[in-house]
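Encoded as structure tokens, the structure appears first; notes follow it.
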Amino acid sequence: MNIISENVIPGDHGKIFETNAKDQSELEQIKKAVLRIEGVSDVLLNNEIFPREITVLTSAFVNVTEVEAAVHEEGFHVLPKTLFHL
């Protein structure tokens, strides 16, 4: 593990997470939960693909486990997508 894989790095790219949420209302619920994390500036939703994806944008370093925990409290799961395909 390293700083890039364990954190959401501040900036315009963010980090993409896959989620088990299925519809728009569930994605909105996840968005509200993640926006409560200090340092998160925006959450972009992508319900056009499966599994659904969220992109978390931050203004400060945010640990991936914080995002996972916030979503888990809402009854859903997220997994960060890898940076590079092997």
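Points to keep in mind about this one:
- Compactness of the range 1-83 is given as radius of gyration and Dmax, 11.4, 34 Å, from Cα positions.
- Checking every one of the trypsin sites (Lys or Arg not before Pro) in the range 3-86 against DSSP loop status and a limit of 14 other Cβ atoms within 10 Å picks out LYS22, ARG36, LYS81.
- With R₀ set to 22 Å, the beta-carbon distance separating SER59 from SER5 gives a calculated FRET efficiency near 0.65.
- Label-point gap, in nm, between GLU74 and PHE50 - each point 7 angstrom along Cα→Cβ: 2.1 nm
- Computed over the chain, the per-residue total of -39500 (n - 2.57) for DSSP H runs of n ≥ 4 gives a 222 nm mean residue ellipticity of -8500 deg cm²/dmol, rounded to 500.
- Cα-based shape type of the range 3-43, given that a ≥ b ≥ c are square roots of the gyration tensor eigenvalues and the cut on a/c is 1.5: prolate
- Among 53-62, 67-76, the order from most to least packed when residues are scored by Cβ within 10 Å on average: 53-62, 67-76
- Simple point charges give the picture: +1 on the Cβ of Lys and Arg, -1 on the Cβ of Asp and Glu, and for the range 1-54 a dipole about the Cα centre of about 120 debye.
Bear in mind that the values in this text are calculations on the coordinates, not laboratory data. The model shown is predicted, which means the values in this text are computed figures rather than measured ones. Neighbour counts are summed over all protein chains in view; Cβ atoms, including those assigned to glycine, are modelled from backbone coordinates with ideal geometry.
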